[in-house]
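We did not get these values from a lab; they are worked out from the coordinates using the rules stated. It should be emphasised that the depicted structure is a prediction, and the values quoted were computed from it without experimental measurement. With ideal geometry, Cβ positions are generated from the backbone for all residues, glycine too; neighbour counts draw on all protein chains shown.
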Amino acid sequence: MEIRALRPNDDRPAFRCGDEALDRFFQRYAGQNQFRHYLGVTYVAVDSGRVLGFATVAPRHVDIEDLPERARKRLPRYPVPVLGLARLAVDRSAQSMGLGRQLLRFVLKLAAKMAEEVGCAGVVVDAKPAAVDFYARYGFAPFDALEGQSDARPQPVAMWLPIQAIKAASKPAH
Ligand SMILES: CC(C)(COP(=O)(O)OP(=O)(O)OC[C@H]1O[C@@H](n2cnc3c(N)ncnc32)[C@H](O)[C@@H]1OP(=O)(O)O)[C@@H](O)C(=O)NCCC(=O)NCCS
């Protein structure tokens, strides 16, 4: 299994994660967003030519007024650069085997690289309510609680992981 950037000839129509909107994004938009518009990059987990999972990232800014108080105290007043994890999904056939965790780790490494090369204060994800606990396992904390939530149309929860936590977790243990 390798994780690498999406290529134009990767097999996308076969992908099914259980969430139609995510499948549709991967099948219809991930390619054109990356190859034609340069809006972001989708990284795919591929095994024997089959795409088993993907993570789409794009640079973002967050308004620091929206961040938790601890982060606000440390950061300047202007919007700060972050890496946005726009989408993450694993094919049903490969769920619960650690692939989501591997894709997320890959994204955190990208953020650490971005921090060194162009600046990045953390990773931000708009988590589906059902995935909030997944991100919380890796230290992501909710921020800027969205208003107007209802059970009929659950809204995504904005979650944030500061770069200091990412760097601390990637340091080799002595
Ligand atoms: C959410 C998703 C990406 C997780 O990927 P996965 O490969 O199934 O998860 P993993 O096997 O890597 O799980 C890693 C750990 O997180 C836990 N976990 C997985 N999904 C979880 C969830 N929805 N909530 C809480 N914990 C979760 C696993 O139990 C595992 O715990 P462990 O380390 O103690 O064994 C995947 O199930 C998926 O694509 N779901 C549908 C689409 C979706 O909701 N995407 C998120 C959009 S924001």
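To the nearest ten degrees, helix 99-117 and the longest principal axis of the Cα atoms of the chain are 50 degrees apart. For segment 1-107, the extents of the C-alpha atoms along the principal axes are 47, 32, 24 Å, listed from largest to smallest. Beta bridges assigned by DSSP with both partners in the chain are antiparallel in approximately 90 percent of cases. Computed from backbone phi with θ = phi - 60° and the Karplus coefficients 6.51, -1.76 and 1.60, the 3J(HN,Hα) list for segment 24-31 is 4, 4, 5, 6, 9, 10, 4, x Hz; x is used for glycine and proline.
Extension gain, residue 35 to residue 63, is 7.2 nm, computed as 0.36 nm per intervening residue step minus the present C-alpha separation. For segment 18-174, the equivalent ellipsoid derived from the alpha-carbon gyration tensor has semi-axes of 25, 20, 16 Å in decreasing order. When the charge dipole of the chain is built from unit charges on Cβ atoms (+1 for Lys and Arg, -1 for Asp and Glu) and taken about the Cα centre, the candidate among 130, 110, 99 whose Cα reaches farthest toward its positive end is 110. From the Cα gyration tensor of segment 55-142, with a ≥ b ≥ c the square roots of its eigenvalues, which class applies: rounded if a/c is under 1.5, or else prolate if a/b is larger than b/c, or else oblate? Since a/c reaches 1.5 and a/b is larger than b/c, the shape of segment 55-142 is classed as prolate. The mean sequence distance of close C-alpha pairs (under 8 Å, at least 6 residues apart), as a share of the length of segment 28-125, puts its relative contact order at 25 percent. Listing 113, 128 from fewest to most neighbouring C-beta atoms within 10 Å gives 113, 128.
Antiparallel beta bridges, as assigned by DSSP with both residues in segment 30-94, represent about 100 percent of the total such bridges.
Count charges around residue 65 for me, please; just the other residues with Cβ under 11 Å from its Cβ, Lys/Arg as +1, Asp/Glu as -1. Local net charge: -2. Can you give the net charge of the other residues whose Cβ lies under 13 Å from the Cβ of residue 27, counting K and R as +1 and D and E as -1? Once positives and negatives cancel, what remains is -1.
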